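These notes concern the structure reproduced below.
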Amino acid sequence: MEEAGDALVRDPQPTSPPHPAWMAVRSGQPKALEALFVRWMPVALQWCRRLGGPRVDADQAAQEVFMVVLRKVAQVESEAAFPRWLFAVTRRVLAQQRRSAWPNRWDPSSPIESATAVSSGVAVQEAHERRRLVWEALESMPQEQREILTLCDIEGRTDPEAADILGIPVGTAKSRLRRARYTFSNRARNRGLAPPDGPNAAGDEELP
Amino acid sequence: MTDPDDIFGTLRDETACTDRDLARLRALLPSDLSSVLRETRSDALPPTVAPMPPTPAPANRRWAWGLGAVAIAAAALFAVGRMQGPKDLPVALALSDADLGQRLSVGESVVLIPSGAGTVEGSTLSPRIAWEQGRIDVEVEPGKNIDLAVITRDAEVRVKGTVFTVERDALGTTVRVSRGVVGVRCADGPEADVTLDQEHLCLPKTAGGLLGRARALQGAGADPSTVLESVELGLDRSEAGSAVDGELQVMRMELLAGRGDRAEALTAALAYLAGGAALRQDEILQFARDLGQGLPGCEALVAASEAAQLQQEGPACAAALAASH
């Protein structure tokens, strides 16, 4: 079985020496690892929640991701390369966990509870239904489109930042994001949700 | 048309990582993260096999782990008659530290006093409290057909008109009854009725949770056989080849070696290497060699430099280890 995080991740500028703080991480110094955990575990958990799907336990996946991180972080030559590597590890762990959850996909008694956004007050039922439909629209999308949409439109990253994390050219990221927004708009509309304005709007264009 | 922030804003908020999430996940890892990178040691093994230590008295489960404890006490409160049956209305509440110590009414017959984090859904006659961490006091008026349940990751507790406590920490969920009967269904087991002065422990249901439990037990100095039970249960549930599975396997072989079961520890090490796991491979190779050091019948294993050689020489050495005890 392929191991998540196997590939050696190189600094985009290999001639620059590693930063002392990053060397401390690679050498396993306790304070450096603790700082790494505090800084990046929230990111990993959020990726697991947003990209895992309904059958994946996000907590369990995030714990698995960080176990791999602790074991293999020495392979990452620089802090600049770490986000891309972390995303690749997360993606691999989620894929493994989705495969192991596959036998339960038709079992209505065993769904993992999704994160709940609970609001008090008026129109509780409507808010629940709307939330469910948004998740459903996202989960129906192709994985690579869901990833770019999550990084850019949910997490607010720029195209270059998302391209760096995904390990793709900026131009590819832009076109993929455009297609993702289009796909999401159509899927949201098919579920009776009003699609978003602006760059997310599909309007009346034909599917590319 | 809809603002994109409106359509994703809620989703962003509900999937964001809170400080509590971070604390909960941190508790599942060793207190010193660098210890995850330490070498698996066998040089502290006793020179001869020691007899199994006597089983100590059951460990006190009241360890505080910084996650807080969930305590729920259901008690009879009011004796107010009603002319009409209560309405069953939908409920959706998010409880946090902002509600600390406040008395929150759910319908006419339930009062919650939270000190932690969780959510309340369902309806006023059938509230479902999904409790993450901290403490919540629950007051339920008797005789009002209230079907209240408290759900943690490890257990589901149903009120049947009684007084009980639910405590959740890194070791699992413990239910103690001081009056009446409580129905408990563990996430991984059948339902059980817990009666007066009894307690019931629901273990964490996931491999990762059981690894956290094993580490918590080990950190508190629990008997190694108790730790080993948790490890082996975790291995039953872990995904083969996953990092958590690897950590459980290594913990198991260390525990076996620590109690003198070198043969079994070596067999476990060989099984780990045969599984093809890349994590910690060199370390486990050395661990396997160390187990056979100085023992007749293990010379070839000690001299092996590759996993394939180790696999070849391992069984003979394991047999020699077993025969030497």
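The values are calculated or read from the model by the stated rules, or taken from the named source; none is laboratory data. Since the structure is predicted, the reported quantities are computational estimates derived from the model, not experimental observations. So basically every Cβ, Gly included, is an ideal-geometry build from the backbone, and we count neighbours across all protein chains shown. SASA here: full protein model, heavy atoms, side chains in, ligands and nucleic acids out. Shrake-Rupley method; radii C 1.70, N 1.55, O 1.52, S 1.80 Å.
From the protein chains alone at 1.4 Å, what is the descending order of accessible area for A:LYS72, A:LYS174, largest first? Intermediate values should be presented prior to the final figure.
On the way: A:LYS72 15, A:LYS174 110 Å².
These residues rank, largest area first, as A:LYS174, A:LYS72.
Treating the beta-carbon of each Lys and Arg as +1 and of each Asp and Glu as -1, no other charges, what is the dipole magnitude of the stretch B:175-285 about its Cα centre, to the nearest 20 debye? Each step should come with its number before you reach the end.
Numbers: 11 positive and 17 negative charges, 48 e Å.
About 240 debye.
Keeping all protein chains in position, work out how much accessible area A:MET141 exposes to a 1.4 Å probe, and write it in Å² to the nearest 10.
Estimated to the nearest 10 Å², A:MET141 gives 10 Å².
Sorting B:CYS17, B:CYS298 by accessible area (1.4 Å probe), largest first, what list results?
B:CYS17, B:CYS298
Applying 1/(1 + (r/R0)^6) with R0 = 60 Å to the Cβ-Cβ distance of B:ARG158 and B:SER305, what FRET efficiency is obtained, to the nearest 0.05?
Once the sixth-power term is evaluated, E becomes 0.50.
Using DSSP to call loops (not H, G, I, E or B), can you name the GluC sites (Glu not before Pro) in the stretch B:183-248 whose Cβ has at most 12 other Cβ atoms within 10 angstrom?
Details: sites: B:GLU191, B:GLU199, B:GLU229, B:GLU232, B:GLU239, B:GLU247; in loops: B:GLU239.
Here no loop site has a sparse enough neighbourhood.
Is the stretch B:85-141 rounded, prolate or oblate when judged by the Cα gyration tensor, a ≥ b ≥ c being the square roots of its eigenvalues, rounded requiring a/c under 1.5 and prolate requiring a/b larger than b/c? Write down the numbers at each step before the final one.
Values: a/c = 2.26, a/b = 1.66, b/c = 1.36.
Prolate, since a/c reaches 1.5 and a/b exceeds b/c.
At a probe radius of 1.4 Å, what is the per-residue accessible area of A:ILE165, in Å² to the nearest 10?
10 Å²
Using a 1.4 Å probe on the protein heavy atoms only, what accessible surface does B:ASP261 show? Give it in Å² to the nearest 10.
The value for B:ASP261 is about 40 Å².
Find the accessible area per residue for the stretch B:231-306; the probe is 1.4 Å, ligands and nucleic acids are left out, and the unit is Å². Mind dumping the intermediate values first?
On the way: 2810 Å² over 76 residues.
Here the residues of the stretch B:231-306 average 37 Å² of exposed surface.
Need one word for the stretch B:193-254: rounded, prolate or oblate. Basis is the Cα gyration tensor (sqrt eigenvalues a ≥ b ≥ c); a/c below 1.5 gives rounded, then a/b vs b/c decides.
Here the stretch B:193-254 falls in the oblate category.
Which order do A:ARG189, B:ARG176 take by accessible area at a 1.4 Å probe, largest first?
Values: A:ARG189 90, B:ARG176 45 Å².
Sorted descending by solvent-accessible area, the residues read A:ARG189, B:ARG176.
Could you derive backbone 3J(HN,Hα) for the stretch B:208-216 from the dihedral phi with the Karplus parameters 6.51, -1.76 and 1.60 (θ = phi - 60°), listing whole Hz in sequence and x where the residue is Gly or Pro?
Residue by residue, the stretch B:208-216 yields x, x, 6, 5, x, 4, 4, 5, 5 Hz.
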